[in-house]
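These notes are about the structure you will find just below.
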Amino acid sequence: MNLFDVYPLFDIEIAKGIGCRTYDKQGIEYLDLYGGHAVISIGHSHPYYVQKLTHQLETLVFYSNSVINKLQVELAEKLGKASGYEDYSLFLVNSGAEANENALKLASFKNGRSKVIAFNKSFHGRTSAAVRVTNNSSIVAPINEGFEVDFFALGDVDAVRKSLQNNDVCAVIIEGIQGVGGIRVPDVEFLQALSDECKATGTILILDEVQSGYGRSGKFFAHQHAGIRPDIITVAKGMGNGFPIGGVLISPMFAASHGLLGTTFGGSHLACTAAIAVLDIIKVEHLMENAEKIGKYLMEELIKMPQIKEVRGLGLMIGMEFEQPVKEIRSRLLFEKKVFTGASETNTIRLLPPLCMSKNDADIFLVRFREVLQTTIFD
Ligand code: PLP
């Protein structure tokens, strides 16, 4: 059987990873500034994470959600403390798309409405039955349950206000920082206005922190830079450092009832073990503070580079927009300089390194990046 060929692949086989570095099967070392789509939060193969998962593998790998799983309780407690949302409840799933799908379901159960507002260039995931793509945006909405999605420009408060006026919008869904759409940070004032408008009209505010959460922005959640408290927050990616796990953080205004939501694998013993280890390491190694510090340093250095049109981001979620497509620069970085980066749209390089990235790692990257830029012919 062949693989269904949907991903353009680099001809590199990663065989090992340690911290902020990966190694291919010939032993060639790469600096990893992408972390497999923002997934690697505490670093590759962290010894504490490996030890915890190994122990769990030897003990119990899986049992269903029909019995008590103390690891879920421990994870919820630790996540509540780390994020400042101790009064919220946690529903565990396996991916970002699933987290958003459940968030939208909860919102519609709460207010009985079916219209959803999202933003241009947003990305909230893909599931087979429930994708709708408009204006380069992709949202998981249970369309079979009758959701209609409208897209507005990020920052256009007036359009959102007007649309919410009839008190018939179920939810507004927005990323803490747009990732796939080019690392765009919503203005603090915009997020605050959105929060106020949602409260005033009974609209559920869903903050998708799947990519921007888990300490990446320098705070646990990117929206915390705006001081707002959304009704629902979704997480995944960095939550398990590569082990698939996602979550929905749900405000106390939602009442749970048996059978309201459900999943077979969500919150499995192995997934919870991975997620607990991640939170322990983020705390003990002060990775949020590190993300803020190294991110600030990187951005200060990057804005000095004349070839870059704009540098955007917060913490270790950084976008560098160029006047022209970045394909060649990224390819040279990877094959000549052994640095993994990502891209958003055609003209933006996306950096999503592990949160343990050191100043030395940052300096190595800056040297290699300058060398590539200085020897690239720009039109
Ligand atoms: N939401 C955001 C902001 C994302 O960046 C992504 C994936 O890139 C998703 C949701 C979907 O997550 P998953 O691929 O785990 O379903």
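None of the figures in this text is laboratory data; all of them are computed from the coordinates on show. Everything numeric here is computed off the predicted structure, so don't read it as measured data. Here Cβ is always computed from backbone atoms with ideal geometry, including for glycine, and neighbour counts include all displayed protein chains.
The DSSP beta bridges internal to the range 48-284 are antiparallel in roughly 45% of cases. Site pair D379 and K283 shows an inter-label distance of 5.3 nm when each label is modelled 7 Å from Cα along Cα→Cβ.
Each Lys and Arg Cβ is given +1 and each Asp and Glu Cβ -1; about its Cα centre, the range 158-299 then shows a dipole of about 180 debye.
For K296, K110, the sequence from fewest to most other C-beta atoms within 10 Å is K296, K110. The slack in the chain from E310 to T264, taken as 0.36 nm per residue of separation less the alpha-carbon distance, amounts to 12.2 nm.
Ranked by how many other Cβ atoms sit within 10 Å of their own Cβ, fewest first, the residues D280, D208 fall in the order D280, D208. Peptides 370-376, 32-38, 57-63, 193-199 ranked from most to least packed by the mean count of surrounding Cβ atoms within 10 Å: 32-38, 193-199, 370-376, 57-63. Magnitude of the charge dipole for the range 240-379, about its Cα centre and with charges confined to Cβ atoms of Lys, Arg (+1) and Asp, Glu (-1), is about 140 debye. In the range 230-309, taking the dipole from charged Cβ atoms about the Cα centre, the farthest positive-side position among A256, H269, A291 is held by A291. Whole angstrom only: what separates the Cα centroid of the range 293-308 from the Cα centroid of the range 333-379? Between the Cα centre of the range 293-308 and that of the range 333-379, the gap is 11 Å. Assuming charge only on the beta carbon of Lys and Arg (+1) and of Asp and Glu (-1), the dipole of the chain about its Cα centre is about 300 debye to the nearest 20.
Too long at a 26 Å Cα-Cα cut-off: which of K293/K327; K25/K219; K283/K304; K16/K338? Correct reply: K293/K327; K25/K219; K283/K304. When the charge dipole of the chain is built from unit charges on Cβ atoms (+1 for Lys and Arg, -1 for Asp and Glu) and taken about the Cα centre, the candidate among F10, L334, V61 whose Cα reaches farthest toward its positive end is V61. Per-residue ellipticity at 222 nm computed for the chain from its helices equals -10500 deg cm²/dmol, with DSSP H segments shorter than 4 residues left out and the rest contributing -39,500 (n - 2.57).
For the range 253-335, applying the loop criterion from DSSP together with a ceiling of 12 other beta carbons within 10 Å to the GluC sites (Glu not before Pro) yields E323.
Each Cα pair under 8 Å and six or more residues apart adds its sequence gap; the mean of these over the residue count of the range 1-109 is a relative contact order of 12 percent. The calculated FRET efficiency for F109 paired with L57, based on their beta-carbon distance and R0 = 35 Å, is about 0.45.
In this simple spin-label model, placing a label point 7 Å from the Cα along the Cα-to-Cβ direction at both N65 and D5 gives a separation of 3.8 nm. Note on the range 1-89: Rg/Rh from C-alpha atoms, Kirkwood Rh, equals 1.07. Calculated from the alpha-carbon coordinates, the chain shows an Rg and a Dmax of 20.5, 62 Å respectively. Inter-part distance, the range 260-282 to the range 1-79, computed on C-alpha centroids, equals 13 Å. What is the range 212-255 by shape, rounded, prolate or oblate, if you read a ≥ b ≥ c off the alpha carbon gyration tensor as root eigenvalues and call it rounded for a/c under 1.5, prolate for a/b larger than b/c, and oblate otherwise? Oblate is the answer for the range 212-255, as a/c is 1.5 or above yet b/c matches or exceeds a/b.
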